Amino acid sequence: MLQLNRKNKYNFWHSPIALIVLFCLLILFIYNIIGLIEKHKETAKKKNLILANIETLRRREDILNKDIEKLKTEEGVEEMIREKYQVVKEGEKMVVIVDENEKVLNQTKDVVVDNSFWGWVRRTFKR
C-alpha cells in the first residue's frame with residue numbers, strides 16, 4: 001500500500017505537462033543567463049574605455065602641472081611668451097622663414113572677385 005501512494009506522488013512530476021513546464025522554465029533561465037553574459041561583456045568594454053580615458057586625463061594633468069610649475073619661474077614665463085606670441089627682447093633679431101607655396105596661396109586668396117551687383121557697386125565706389 002505504501003508503494004502505491006509513492007507512485008501517485010511521483011506520477012505528477014513525470015507527466016508530460018510537468019516536464020513541458022519545467023523545460024520552459026529551463027529555457028527561460030538559459031535565455032536570461034545569456035542576456036546577463038552579454039551585459040557583462042558590454043560593461044567590461046565600457047569599463048576598459050573609461051579606464052583608458054582616465055589614464056589619458058591623468059597624463060594630461062601631469063603635463064599641465066609641469067607647465068604650471070614651469071610658469072612659476074621667470075625662464076618658463078619668458079619661454080611661453082616667446083613661443084606663443086613670437087616676440088624678441090630688445091637688441092635681439094628675429095628671422096621669419098616664409099614658405100613659397102603659402103605665399104602663392106595667400107596671393108590667390110586676395111584676388112577673389114565678387115561678381116554680384118553689390119560687388120560691382122563696392123568696386124565702383126571704392127576707387
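The values are calculated or read from the model by the stated rules, or taken from the named source; none is laboratory data. Since we're looking at a predicted model, the values are computed, not measured. For neighbour counting, all protein chains shown are included, and Cβ atoms are generated from backbone atoms with ideal geometry for every residue, glycine included.
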Of all residues in region 81-127, which are modelled with pLDDT of 75 or more, part of a helix (DSSP H, G or I) and surrounded by 10 or more Cβ atoms within 10 Å (Cβ to Cβ)?
81, 82, 119, 120, 121, 122, 123
Return the pair list, or none, for Cβ contacts closer than 6 Å from residues in region 86-97 that are farther than 18 Å from residue 75 by Cβ to residues that are in a loop (DSSP other than H, G, I, E, B) and not charged (D, E, K, R), at least 6 apart or on different chains.
94/88
